[in-house]
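Please treat every number below as a calculation from the coordinates, not as lab data. Values in this document were obtained by computation on a predicted structure and should not be read as measured data. Cβ: placed from backbone, ideal geometry, glycine included. Neighbour counts: every protein chain shown.
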Amino acid sequence: MPTVYVTRKVHFNAAHRLHNPEKSDEWNRRVFGKCNNPNYHGHNYTLEVTVAGEPDPETGYVIDLAELKRIVNENVVDRVDHMNLNLDVDFMQGVMASTENFVTAIWHELKDALPAGRLHEITLYETERNSATYRGE
């Protein structure tokens, strides 16, 4: 049987601030620019979750997309939508809220919630032009 890759795309909004408390305010302003706003700033994120596997001979599905939607919403979207990543999201506590770190944290929230061995890749778009992709270790 062939390996097929199925992707679900979701959208959510969240705020964050890029700030390294180990560095000076001047350093943070210089390195992070507008993203270092002390009052935070927001993004309209797009998340693509790709699952890999062989189509089930009875259903033709790699995974039921309704089930994938439920898993992604329960484990990620419902927990981050309209939240402050730095303050409100438990799995981002103590983590620099960059897109790179956020996509990795999302992976860890999803990997055990999906059927074993199925999570292939996630891509997180912070803007239409900026994204990060993670495929696990």
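Tabulated results
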| read-out | value |
| --- | --- |
| Cα gyration tensor shape of segment 77-137, rounded if a/c is under 1.5, else prolate or oblate by comparing a/b with b/c | oblate |
| Interchain or long-range residues, amide H under 5 Å from residue 19's placed H | 97 |
| Vicinal HN-Hα couplings computed from phi for segment 122-137 (Karplus, 6.51 cos²θ - 1.76 cosθ + 1.60; Hz; Gly/Pro x) | 10, 10, 10, 9, 7, 9, 4, 9, 10, 8, 9, 10, 9, 10, x, 6 |
| Cα pair count fraction exceeding 18 Å, expressed as % - the chain | 56 percent |
| Built amide H within the under 5 Å cut-off of residue 121, gap 5+ | 50 |
| All lysines inside 23 Å of residue 34 as judged from Cα atoms, apart from same-chain residues fewer than 8 positions distant | 23 |
| DSSP-defined beta bridges in segment 4-134 - what % are antiparallel, rounded to 5 | 90 percent |
| Approximate spin-label separation residue 70-residue 128, in nm, with each point projected 7 Å along Cα-to-Cβ | 3.5 nm |
| Relative contact order, percent, the chain [alpha-carbon distance under 8 Å, six or more residues apart] | 30 percent |
